[in-house]
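To start, the structure itself, in structure tokens.
Please treat every number below as a calculation from the coordinates, not as lab data. Bear in mind that the values here come from a model prediction, so they are computed numbers and not experimental data. When we count neighbours, we look across all protein chains shown, and the Cβ atoms used for this are built from the backbone with ideal geometry, even at glycine.
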Amino acid sequence: MAAPLFVTEGKPIKFFIQQDIPEHIKTHLVQKVKDNGGVVEQKVPLRGYLLLDFDSPESQRLRAVWAKSHRPERYFVDYTFVDACISRRGLLPMVFQQNGVPHDIHLHACIEEGNERIALRAQISQCGGNPDAEEDQASVIIAEETSPQWTALQKTYSNNADKHVEPTEWVKWCITNTFMEHWEVVKRDLGGRKAGASRNEYTAAEDKHLANYIAHLIPTSDSSGRTGNKIYKDLETLAAEKNPDYMWASRHSWQSWRNRYKQNQQRFNRMIEAIVEQLGIKPGGDGQYGSIRQPPGNNKRPAKIAPATLNEEDISEQIQPKATRRHERPLPSPDGNQIESNSNQNVVEEDVSTEWATREGNAPAPQWVKDIARKRPLPRSDESTGHPSKKRNLGGNQVLEEEHSSEMEADIKQKLKRIASDTRFLLTEVVEEWKRGGKDVALTSALFAHLRQAVDEQKRLFLSNRTA
């Protein structure tokens, strides 16, 4: 059974609701959050979502007070975020917020008032950004590419590294790809090959694939492995094996891929950093180059696993603007001055001591210690040496060596390899599910056949929508 929508790592996601939002809206939000596994807090959570009314001045004040770079997992979203996630059946990505601070985005006046402008504002505010910034304060200006003002805006800010002009389609593109990246200004091609250009020009899609590939294997830029040979040779091997997830790499040699990264290193590092942040990739994970994840005293290197690729989905109907953007405000006092809500002024932050409590005397260990102990897998050891079991790499797939001679007979190995080959999944994934399912080969085969059918159907739908 799938976990509730607002539950992550077995814990409910915390929400704080702007307290001067009308009661009937708050009641609706509290119920929806509760029904989907989340919890509404009276204090601003250290990690969680602040549900705000972006039409109110109070939302600006709350963002100014509580947006902190040392709280990168505290997100500021419009209160329609809850219903939008339920409609989408998944959490919206916080692509327009970085290190706990929303990006300031300006919707240019060339975007006429109407459904498109309302939808853009909703998409940005539901994904962590501030869509109401003034032009001089914004880091991103959204404009209609076909409008007369577009060229003037491009010229005005072409030399300003802190301000970018993007078309309206850019907003949806960032949300679909789950990370924010500025589009390059492409000059009109006048024909002929550029001096020094390669025979096969690189596409923007290939650059994004390469950044995603490197992000999963070498997430930290301080590692020299990104400019080495091995990561690109492995990429060429995966493409040569006709792995459907790496066919994008078949147009260029490994030397060409390496040169592509080296010659555009700063741009790729920014793209990789955004992917790592959005997907929560942690350094030292299984399969990463140059990483060692082991108990103390073991100097064996782990094997590599191929990275997962990002799946695109059409979100145009999943992010929903408010039905109405205005609601009643606090009533004026008898002297004519508006009464400001005291409830928001008295908002305090969640006490970190309650979440990271320490053990006192002979009292039981706090919950967070138990959670870590429960999640941390014990290393499997060889009975004769006491060392954790070894891993080796074969043909780009991570293959576990026999931990006990009786655990994987030759015929079972062959059957699992056949399942991986027939369904185009990694052998490590098949072995893991085989063990998890009680070492039932028939059950494992049926599971991966079903998964491949589901993946192929999603690809078919995506391609048909793209060509429509």
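For Lys68 and Ala449, compute 0.36 nm times the residue count separating them, minus their Cα-Cα distance, and round to one decimal in nm. If you can, show how the numbers build up before the last one.
Details: separation 381, 0.36 × 381 = 137.16 nm, distance 4.64 nm.
Stretched fully, the Lys68-Ala449 segment lengthens by 132.5 nm.
What FRET efficiency do you get for Val348 and Ser87 if R0 is 30 Å and r is their Cβ-Cβ distance, rounded to the nearest 0.05? List each step's numbers first, then the result.
Details: r = 32 Å, r/R0 = 1.08.
Given R0 = 30 Å and the Cβ-Cβ separation, E is 0.40.
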Next on the checklist: Just want the ordering: Trp248, Trp434, Trp173, from fewest to most Cβ atoms lying within 10 Å of their own Cβ.
Outcome noted: Trp173, Trp248, Trp434
Checklist outcome for this item: So the FRET efficiency between Val30 and Asn115, C-beta based with R0 = 30 Å and rounded to 0.05, is 0.55
Checklist entry - So how far, in whole Å, is the C-alpha centre of the range 13-44 from the one of the range 202-251? => result 43
Checklist entry - So, in nm, how far is label Lys230 from label Asp440 when the simple model puts each one 7 Å beyond its Cα toward the Cβ? => result 4.0
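For Gln137 and Gln266, FRET efficiency with R0 = 22 Å and r from the beta-carbon atoms, rounded to 0.05?
Numbers: r = 26 Å, r/R0 = 1.18.
Rounded to the nearest 0.05, the efficiency is 0.25.
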Checklist outcome for this item: The simple spin-label model distance between Glu145 and Gln42, using points 7 Å out along Cα→Cβ, in nm, is 5.1
Next on the checklist: Within 10 Å of each candidate Cβ there may be at most 13 other Cβ atoms; applying that plus a DSSP loop requirement, which trypsin sites (Lys or Arg not before Pro) in the range 14-77 survive?
Outcome noted: Lys43, Lys68
Next on the checklist: Full-extension gain between Trp183 and Thr156, please, as 0.36 nm times their residue separation minus the C-alpha to C-alpha distance.
Outcome noted: 8.1 nm
Next on the checklist: Assuming a strict under-20 Å limit between Cα atoms, what lysine pair count do you get for the range 11-165 once near-sequence pairs (fewer than 8 apart, same chain) are dropped?
Outcome noted: 14
